[in-house]
Amino acid sequence: MSANKPNIVLINCDDLGYGDLGCYGSPVHRTPVLDRMAEEGIRYTDFYMAAPLCSPSRGAMLTGCYPKRIGFGTFEGRQVLFPGQGVGLNPKEHTMAKALKEQGYSTMLVGKWHCGDQPEFLPSNHGFDHYYGLPYSNDMGRQTGREDYPPLPLMLDDDVLQEQPDQASLTERYIEQSVRFIRQNKDTPFFLYLAHMHVHLPLYVPDRFLKQSRNGAYGAAVEGTGHVHGLSADVRRFGGGDAAGSARHRREGYSPDSSERTGCPLALRGVLLLPKRRTAAWSARRL
């Protein structure tokens, strides 16, 4: 990797509230890894996504366009994409993953996609070499008692790896995939987009985080997400070669997809953390 081709890790936390992290004033959530990232880097106090809901905000972030410009204003009369719909992000759109791939980057999306679950709309058609995760929200499966939904699919690239996965294990499985991708690409520039399931409802969290939480399942989800970033940060720092060089040529950002003060996607105000001297602006095209 070189200084003009830094590794990029973009972390997107679903429905995270502005005040849910310790570094933003939460008195009940312990997020030491993210607090340290804020202390050592840049902590923004105003950050706006293009929409307050999953599909339009994610499509806008990936393309740099307002949702209506990419056909993401509504989805056949619905506010977000649902399983089996025949619409999604047009493969002709130019995403940040495509732009980076054209510059020689290896690319991977781990986690929630929610920009279309039909083959032509999957991440592999939008610049991602690999994909591991859920194609839409974690409540759109049969675990919520809705038999009109298909089984919730955990996907690997374009194939269904597992139906109705244990959601309490997904965050750690996402980190395992992320760590593997980072290690495999330690000598080449890479772009990792990690889109967490948490803290979207319903909440499924490991018992160890639930037992120590001061805010029930919600607090356990926030703290568990922050904890696993400590593991991935260690790999990014020491996973290969020159540790100082790895840090010097890395860009990381941590953001919600859409949220207000505490975790419900009603307003557009959010939180963005970037390490100091490692910021890289994604220039919004055609806004």
(request) Collect residues whose amide H, placed 1.01 Å from N in the peptide plane, falls under 5 Å from the amide H of Ile11; neighbours closer than 5 in sequence don't count. (result) Leu194, Gly253, Tyr254, Ser255
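Per residue, how many Å² of accessible area does segment 79-125 show with a 1.4 Å probe?
Numbers: 1780 Å² over 47 residues.
Result: 38 Å² per residue.
Enter the mean projected area of the convex hull around the alpha-carbon atoms of segment 1-155, in nm², rounded to one decimal.
Numbers: hull surface 44.8 nm².
About 11.2 nm², averaged over all directions.
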(request) Using just the alpha carbons, could you tell me how many Å³ per residue the convex hull of segment 111-213 encloses? (result) 109 Å³
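Can you give the extra length, in nm with one decimal, that the chain gains between Asp187 and Glu39 once fully stretched, where that is 0.36 nm per residue apart less the Cα-Cα distance? Provide the component values of the computation, followed by the final result.
Numbers: separation 148, 0.36 × 148 = 53.28 nm, distance 2.83 nm.
Gain on stretching Asp187 to Glu39: 50.4 nm.
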(message) Distances longer than 18 Å among the Cα atoms of segment 26-115: what percent of all pairs is that?
(response) 59 percent
(request) Could you provide, to the nearest whole Å², the per residue accessible area of segment 1-68 with probe 1.4 Å? (result) 39 Å²
(request) Just round it to a whole percent: the fraction of Cα-Cα distances in segment 68-173 exceeding 18 Å. (result) 50 percent
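The values are calculated or read from the model by the stated rules, or taken from the named source; none is laboratory data. Values in this document were obtained by computation on a predicted structure and should not be read as measured data. Ligands, DNA and RNA are excluded from the accessible area calculation, which covers all protein heavy atoms including side chains. Shrake-Rupley method; radii C 1.70, N 1.55, O 1.52, S 1.80 Å.
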